[in-house]
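First the structure, in the form of C-alpha cells, and then the observations on it.
Values in this text are rule-based calculations from the coordinates and carry no lab data. Model, not experiment: these values are computed from the prediction. Neighbour counts are summed over all protein chains in view; Cβ atoms, including those assigned to glycine, are modelled from backbone coordinates with ideal geometry.
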Amino acid sequence: GSSNNKTPVLFMKIHSDVWGPTPVPTPDGAKYFVTFINEITRMVWVSLLKHKGEVFNAFEELYNTIKIVYRREV
C-alpha cells in the first residue's frame, strides 16, 4: 500500500540498521555491517565495520559520496 509518510525529496530520509558481531570476521577483520536505505528509491548501501562504533564514519562517507555524485547538499 501507499504511505503518506514518504518524503518526496531524494535522500531526505535514509534508514539504517547495524548487524553483528559475526562469529567469523571477514579477511579484513570486519565483524559488523551497516545498511543505509534510501526511502524513495530503496537503493541500499552496505558498509563493513571492524567495530560497531564506526557507524557514524560510514554514514559520513555515504553523505560525502552523495554530495559528490549528485552534486547537492542533503
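At 7 Å along the Cα-to-beta-carbon direction for both Met43 and Val24, put a label point, then send me their distance in nm to one decimal.
3.3
Pull out the extension gain between Tyr70 and Asp17, defined as 0.36 nm times the separation in residues minus the alpha carbon to alpha carbon distance; nm, one decimal.
16.7 nm
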